[in-house]
Amino acid sequence: MESVCEGIDVVGAIRDLFRLHGSGQTVLPEEAYLGWKNDLGEQVRSLNMPGYVGGSLNIAGTKIINGNIANPSRGLPRASGLTMVYDKTSVRINCVMEGAYLSSLRTACVTALSADVFKGREIEQVAVIGAGVLAQAHIELLAKRLPHLSSIRIFDISSERIASLRAEVSALLQAKGVELRETATAEEAIRAAQLIIPATTTTSGYIPFAWLQPGAILVNISLDDPLPEVVFKAAKVVVDDWKLVKDDPRRLIGRMYRAGQIIGPDEPADEQSAEGQQRRRIDAELGEVVAGKKEGRQHLDDIILMNPFGMSIEDVTLAAHVYQKALEMNIGVWLER
């Protein structure tokens, strides 16, 4: 998977996907979320996420990804899964591929695309909170894509995780002249950065608006890292898909929507509730900004919150490109039908 993806413009593929999504050329069903307790009483989950992408790809597929946050203590990845792409005519499964790497890569691609779309001042400092697989995917991609990047500040409650991550990315960062600097607190990392990426599993917010410097881009790929005040005070709040975000009761903006604090980008609702409570309108979906239907950054000092849910069509898009590239490279194992 890694060798095939090296030969693909993955961020360009995700940009094209958002352009299609913003113009209504995708089908994105609700994900099937299965949560239960395993035999040790640990909370675990399985996600099944189908999707269809039109345009020149004209492809459908699905992603299955399972997770247990206790797995790293056993020497196992927190998440693992499979991604499948279907034949365009018969819709039989054409290819089964490893899904966790692809999932982390497409998440990093959305962050990289957000950095492009909402670019203000040059990004010289990046903050990454958490030192897991998603952190590694972001560091490897951004180090290659941000020409002015000089330092990545990272915080994790486990110094051992940072040490393991450093061993994985040190050669690339040295080649790119980028320093990986461990900080004592999340605040220290975030205050210095123009691009902030929380990649944690926390369910308690901890990032106040005051930590964000003028012009900062916060890409909230986690659940709850920003406090609600960041949603209210940011100059722009953008999501990848409003329906998915608002329907999710497990994440910050979905809960704020249920509490009457948030309204959608095009919802015909008053920006003040009957009780006089102020409501924050979501400014746009990312696809609308990519397609030029809505405006992104207006001023250099705008603080922008990008809050992606994570969409199956991103996985399907990259999987389609991987499948075609693998055929060209004759990489993979053929299975009898």
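The values are calculated or read from the model by the stated rules, or taken from the named source; none is laboratory data. The model shown is predicted, which means the values in this text are computed figures rather than measured ones. FYI the Cβ positions are ideal-geometry reconstructions off the backbone, even for glycines, and counts take in every protein chain you see. Surface accessibility is based on the protein's heavy atoms, side chains included, excluding ligands, DNA and RNA. Shrake-Rupley method; radii C 1.70, N 1.55, O 1.52, S 1.80 Å.
Okay, here's what the table says:
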| read-out | value |
| --- | --- |
| Criterion violated by His148 - all others in (1) farther than 23 Å from Val10 by Cβ; (2) open to solvent by 50 Å² or more (accessible area, probe 1.4 Å); (3) assigned to a loop (DSSP other than H, G, I, E, B); (4) not hydrophobic (A, V, I, L, M, F, W, C) satisfied | (1) |
| In the stretch 217-233, the residues that are out of contact with any strand residue (DSSP E or B) (no Cβ under 7 Å at 6 or more places or on another chain) and either modelled with pLDDT under 95 or over 24 Å from Glu122 (Cα atoms) (or both) | Leu223, Asp224, Pro228, Glu229 |
| Residue among Glu229, Glu160, Glu182 that alone is in contact (Cβ under 8 Å) with a residue 12 or more places away in the chain and under 25 Å from Arg78 (Cβ atoms) | Glu182 |
| Residue satisfying all of: in the stretch 1-36; within 13 Å of Lys325 (Cβ to Cβ), of a type in the set (Gly, Ala, Ser) and outside any loop (DSSP other than H, G, I, E, B); modelled with the lowest pLDDT among these | Ser3 |
| Qualifying residue in the stretch 190-199 (condition: closer than 27 Å to Ser73 by Cβ and open to solvent by 50 Å² or more (accessible area, probe 1.4 Å)) | no |
| Residue match in the stretch 290-299 (condition: assigned to a helix (DSSP H, G or I), charged (D, E, K, R) and either in contact with a strand residue (DSSP E or B) (Cβ under 9 Å, 6 or more places away or on another chain) or crowded, with 21+ Cβ neighbours inside 10 Å (or both)) | no |
| Residue in the stretch 40-48 that is closer than 24 Å to Leu286 by Cα, of a type in the set (A, V, I, L, M), part of a strand (DSSP E or B) and open to solvent by less than 20 Å² (accessible area, probe 1.4 Å) present | yes |
| Search result, residues across the stretch 64-76 that are in a loop (DSSP other than H, G, I, E, B), without any contact (Cβ under 8 Å) to a residue 60 or more places away in the chain and open to solvent by 80 Å² or more (accessible area, probe 1.4 Å) | Leu76 |
| Test result for Val322, in contact (Cβ under 8 Å) with a residue 60 or more places away in the chain, in a helix (DSSP H, G or I) and either under 30 Å from Ala100 (Cα atoms) or open to solvent by 50 Å² or more (accessible area, probe 1.4 Å) (or both) | yes |
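Per-residue answers, yes or no, for (1) of a type outside the set (D, E, K, R); (2) surrounded by 18 or more Cβ atoms within 10 Å (Cβ to Cβ); (3) over 18 Å from Ala186 (Cβ atoms):
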position	(1), (2), (3)
Leu141	yes, yes, yes
Lys144	no, no, yes
Glu160	no, no, no
Leu165	yes, yes, no
